[in-house]
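Peer 1: Sending over a structure as structure tokens; questions will come in a sec.
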Amino acid sequence: MAMLSRVAEHLYWMARYLERAENMARLITANGNLILDLPKDIRPGWDALIAITGSHERFYDRHTVTNENNVLRFLIGDDRGQGSILSALRFARENARTIRDIVPRELWEQINGLYLHASERLADGLSARRRFGYLQDTILGVQQIAGIGAGTMSHDAGYEFYRLGCNLERADMTTRILDVRYKDYELGTGDAVKPFENILWTSVLKSLTAYQMYRRHRQAAVRRTEAVDFLMKDESFPRSVRFCVLEMEDSLRRLPRSEEPLKVLEPVDRLLRAFSSDAVTQKELHEFVDELQICLGHIHDSVSACYFEAPAGPDAARISRPRAA
Amino acid sequence: MTIAWQDYDASGFFDELIAANGGSRAAAQSVIAHFGELSDEEIRERKAAAEAQIKSMGITFTVYSENEGSIDRNWPFDIIPRIIGAREWAMIEKGLVQRVSALNRFIDDVYHDQKIVRDGVFPAELLADSKNFLPECVGIDPPQGIWAHICGSDLVRDKDGTVYVLEDNLRVPSGVSYMLENRLVMKRVFPELFENISIQPVDDYPSKLYSCLASLAPPEVEVPEVVVLTPGIYNSAYFEHCYLAQQMGAELVEGTDLLVGDDDCVYMRTIEGLCRVHVIYRRIDDLFLDPEAFNPDSVLGVPGLLRSWKKGKVALANAPGAGVADDKVVYTYVPEIIRYYLNEEPILANVPSYRCSDKADREYVLAHLDQLVVKPANESGGYGILIGPKSTKKERDSFASLIKKDPRNYMAQPLLLLSTAPTLVDEHVEPRHLDLRPFILSGRDTYVTNGGLTRVALKKGSTVVNSSQGGGSKDTWIVESEET
């Protein structure tokens, strides 16, 4: 049966919001650890997270000071915007709810349960002592959903939209983290920060659960250029930008009529392969990330135009397909 | 202790399973005997098993509330089945087919030559004032001349055992999914009863519905694309829309999934592009179907849908305008309608009714408001009804002025004393009032469900069977009577 555009779009957004909730939980966890490890005068503080999520404007609509309390309230529990863990889970649930005839029952129940858990236990998320457990529950909850999805959904077109959403969101978060952390590093330069380079980049890797894999594959101390290279270009680590792009390519190849989105995706891969982190300055990296972000935006637009939006006018492809008896 | 049938007392009402002398009715004998042998513990187990089954099958109905959004509630279910003898059912089935075919002839006539009006059998002014008469439908020829493809008629039994048709739902009747799920639950919880009693099956409904819908597709189409059009997740019958779509293997679509092309054909938006749709089982009311033709604010419908239907490019079930016969005042004319079109006597009784448009009837109604049930012509779901014997003086006064102001919009009936059936209440059985909604499909062939959805008022003494107001349901068994 051909998949309805609406259903495909809900699956895609469901995946994006779930991934967003998980990424946010990882990011907050890693930042918390980093702050505890660095000397007071060069601590990055919590405002970096507002920068990473690009939500300055919405944040300052609600708060005046970027202290820990405000930032965490905003990123974990603010249910009005779209940036917080709680609102991402809520949107994921709303998307899943409208396609309950398509998503496997267990998947729906897990998504519903995760949202309810996150909202009932919100106070834990905002408490410094219990925060870690709360965030860990979120991460594991989303991972469990991914497992149920992989293990119970037919790997048909619908599943590819789920993968597309997940990989696009992942690539997006990885580029954001690199951009902001690089800036922190350069601004704090001087020599005060140099001794802590290792700790800082370890934290970046950890926020993407990349630390162990990095150590296995690179067998090197954690260095800035190596870490950036790993997170941008590694072909087998599931949170590197390149890996996500390759996954998206794989998904698109399995979908019908994917010529256009594939055309948009192709230069991204070329860009990544050509990228070298050696001696890259903060400005260059920032420009590169900008370029990548624009590309990711184009991928979304192209997938959306190709599959989700109304096919335009009378010339749009019309198919007549035989129905399986 | 087991169920004490000897203590069961239907207190003067007609009981579906237990006769007035305390013995079980012929068709119910095996079931009554079997339940009588179960221990309390076994009954508790079966009840819990049924509830667990309902929960795990996700049989829910949706209640929408401002604070909590929409909530899916489990469907309240009683494990004692409602039983009807096969011989009696055969008569009811014939009566339903007769009724629905006459109503379809009536609708078709009303949108064409209006012979029934010209012959003086049906008053012209009733049509002129009918809210459900859609001028847009005049002159249209839907496939096979059928307008109401899916009909759900509500049947009740009065104190003397007579079965009456209470109303015919010709617009978007719901409930059939619960009938199907109730049977599944009972088969799992009481397999031994199904082994020993021959109970007519109901499981073929989705395939009959699919065939009925497919038979409406334009003749040149070999494999029609049939879809179910739902208003969406906030509709109280969304579970049923999902369920029927899944069971038929049809796509469940919302208005925004469809569009009407320049060629007046209906298409659905899929990831492969536009895909032609031939038949729409719509679960949206007429006036929300097409913002171009009706309510311009409707976001549920599809602009141009009526145009496509008029040109015969897509079939709509039920056809727009079919609701003209689903009107409480038109209801009072059904016996005449049957005689007029079929030249037969009605097999099923209509509840005796007073038409407020008729002067003598109106005066009688106004003088006896405290004894009658007054219904507006076009409301469904029990809204805007006056139940005379339970009303206050103030309510009666306000209805009297409503009737005087718009007599055509009201009819009245004596209060029926609905039949009961034994229902589990805590650890024992008590009589509870019920009704029955069978479903009748009319396409190339006609089909009536074996039984239907029995709705039961779970509150003592209540006759309100709606699920939103404390109603539940029972499985309905058509059983070969053991004495025949």
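Peer 1: Return the residues of region A:1-17 for which accessible area with all protein chains present is lower than in the chain on its own by 20 Å² or more; set the probe to 1.4 Å and exclude ligands, DNA and RNA.
Peer 2: SASA drop of 20 Å² or more in region A:1-17: A:M1, A:A2, A:M3, A:L4, A:S5, A:R6.
Peer 1: Which of the listed residues, B:V121, B:Y281, B:F133, is farthest toward the dipole's positive end in chain B, when Lys, Arg count +1 and Asp, Glu count -1 at the beta-carbon?
Peer 2: Positive-most Cα among the choices belongs to B:V121.
Peer 1: Grab every C-alpha pair in region B:352-414, bin the distances at 5 angstrom width from 0 up to the longest one, and report whole percents.
Peer 2: 4, 21, 36, 27, 11, 1
Peer 1: Write down the percent of antiparallel bridges among all DSSP beta bridges whose residues are both part of chain B, to the nearest 5.
Peer 2: 75
Peer 1: If you don't mind, another one. Given a Förster distance of 56 Å, report the FRET efficiency between A:N67 and B:L184 from their Cβ-Cβ distance, rounded to the nearest 0.05.
Peer 2: Taking R0 as 56 Å, the efficiency between A:N67 and B:L184 is 0.45.
Peer 1: Further question on the same structure: By how many nm would the segment from A:E109 to A:Q143 grow when fully extended, if each residue of separation counts as 0.36 nm and the alpha-carbon distance is taken off?
Peer 2: 10.8 nm
Peer 1: OK, next. Within chain B, which DSSP H helices have Cα atoms that stretch 30 Å or more along the helix axis and a mean Kyte-Doolittle hydropathy of at least -0.5?
Peer 2: Correct list, ordered by number: B:86-110.
Peer 1: Also, I was wondering about something else. On full extension of the chain, what length is gained from B:H368 through B:E344, given 0.36 nm per residue of separation minus the C-alpha to C-alpha distance?
Peer 2: Taking B:H368 through B:E344 to full extension adds about 5.3 nm, to one decimal.
Peer 1: Run the simple label-point estimate for B:N196 and A:D41 please: 7 Å along Cα→C-beta, distance reported in nm.
Peer 2: Label at B:N196, label at A:D41, 9.1 nm between them.
Peer 1: Ok, one more. Starting from the amide H of B:A349, placed 1.01 Å from N in the peptide plane, find each other amide H under 5 Å away whose residue is 5 or more places distant or on another chain.
Peer 2: The list, which skips near neighbours in sequence, is B:V165.
Peer 1: OK, next. Tell me the per residue accessible area of the protein assembly as shown using a 1.4 Å probe; a whole number in Å² is fine.
Peer 2: 42
Peer 1: Looking only at region B:385-429, which residues have a backbone nitrogen under 17 Å from a spot 7 Å from the Cα of B:D129 in the C-beta direction?
Peer 2: Only B:399-413 fall inside the zone, counting backbone N under 17 Å.
Peer 1: Here is a further query. Please arrange A:I50, B:I199 by accessible surface area, largest first, computed with a 1.4 Å probe and ligands excluded.
Peer 2: B:I199, A:I50
Peer 1: Scaled to the compact-protein estimate 2.2 N^0.38 Å, what is the alpha-carbon radius of gyration of chain A, rounded to two decimal places?
Peer 2: Against the compact-globule rule of thumb, the ratio is 1.03.
Peer 1: I'd like to verify something in chain A: which complete DSSP H helices, judged by Cα projection on the helix axis, reach 27 Å or more and average at least 0.0 on the Kyte-Doolittle scale?
Peer 2: A:131-152
Peer 1: Also, quick follow-up: Quick check on my link table: of B:K94/B:K313; B:K208/B:K310; B:K159/B:K460; B:K94/B:K328, which ones sit more than 27 Å apart, alpha carbon to alpha carbon?
Peer 2: Check vs 27 Å cut-off fails for B:K94/B:K313.
Peer 1: Over the heavy atoms of A:T64, what accessible area does a 1.4 Å probe trace out, to the nearest 10 Å²?
Peer 2: It works out to around 130 Å².
Peer 1: When only alpha-carbon atoms are used, what values of Rg and Dmax, in angstrom, describe region A:1-153?
Peer 2: 16.5, 61
Peer 1: Between B:S236 and A:L116, how high is the FRET efficiency from 1/(1 + (r/R0)^6) when r is the Cβ-Cβ distance and R₀ = 30 Å? Nearest 0.05.
Peer 2: 0.85
Peer 1: For a label point 7 Å from the Cα of A:Q136 along Cα→C-beta, name the residues of region A:204-221 whose backbone N is under 20 Å from it.
Peer 2: Output list for this probe position: A:204-213.
Peer 1: Counting only the heavy atoms of the protein chains, how much of A:R130 is accessible to a 1.4 Å probe, in Å² to the nearest 10?
Peer 2: Rounded to the nearest 10, that gives 110 Å².
Peer 1: Whole-Hz Karplus ³J(HN,Hα) for region B:438-455, in order, using 6.51 cos²θ - 1.76 cosθ + 1.60 and θ = phi - 60°, x for Gly and Pro?
Peer 2: Coupling constants for region B:438-455: x, 10, 10, 9, 10, x, 5, 10, 10, 9, 10, 4, 6, x, x, 9, 8, 9 Hz.
Peer 1: 7 Å from Cα along Cα→Cβ at both B:S211 and B:A20: what's the point-to-point distance in nm?
Peer 2: Those two pseudo-labels are separated by 4.3 nm.
Peer 1: Of the heavy-atom accessible surface of the protein assembly as shown (probe 1.4 angstrom), what whole percent is carbon and sulfur?
Peer 2: 49
Peer 1: Report the FRET efficiency, 1/(1 + (r/R0)^6), for B:A90 and A:A150, where r is their Cβ-Cβ distance and R0 is 56 Å, rounded to 0.05.
Peer 2: That pair, B:A90 with A:A150, gives E of 0.60.
Peer 1: Check region B:352-414 and count each lysine pair with an alpha-carbon distance under 20 angstrom, considering only pairs eight or more places apart or from different chains.
Peer 2: 12
Peer 1: Which number gives the lysine pairs in chain A that have C-alpha atoms under 22 Å apart and are eight or more places apart or on different chains?
Peer 2: Total qualifying Lys-Lys pairs in chain A comes to 12.
Peer 1: What whole-number distance in Å separates the alpha-carbon centres of region A:287-301 and region B:330-366?
Peer 2: 71
Peer 1: In whole angstrom, note down how far apart the Cα centers of region B:183-256 and region B:388-409 are.
Peer 2: With region B:183-256 and region B:388-409 each reduced to a Cα centre, they are spaced 41 Å.
Peer 1: Also: Using only the alpha-carbon atoms, what does chain B span along each of its principal axes? Please give whole angstrom values in decreasing order.
Peer 2: Extents along the principal axes, in whole Å: 71, 61, 52.
Peer 1: Here's something else I'd like to know. When the Cα centres of region B:424-484 and region A:38-66 are compared, how far apart do they sit, in Å?
Peer 2: Each part's Cα centre sits 62 Å from the other's.
Peer 1: Provide the buried accessible surface between chains A and B in square angstrom, both chains summed, 1.4 Å probe, rounded to the nearest 100.
Peer 2: Chains A and B together bury approximately 2900 Å².
Peer 1: Can you give the % of DSSP beta bridges in the protein assembly as shown that are antiparallel, to the nearest 5?
Peer 2: The antiparallel proportion sits near 70 percent.
Peer 1: Only loop residues by DSSP count here, and only those with at most 14 other Cβ atoms within 10 Å; note down the GluC sites (Glu not before Pro) in region B:218-247 that meet that.
Peer 2: Of the GluC sites (Glu not before Pro), the ones in loops of region B:218-247 whose Cβ has at most 14 other Cβ atoms within 10 Å are B:E220, B:E222.
The values are calculated or read from the model by the stated rules, or taken from the named source; none is laboratory data. Note that the structure is a prediction, hence the values are computed from the model and not measured. Cβ coordinates were reconstructed from backbone atoms using ideal geometry, including for glycine residues, and neighbour counts include every protein chain displayed. What goes into the accessible areas is simple: the full protein's heavy atoms, side chains included, and nothing from ligands, DNA or RNA. Shrake-Rupley method; radii C 1.70, N 1.55, O 1.52, S 1.80 Å.
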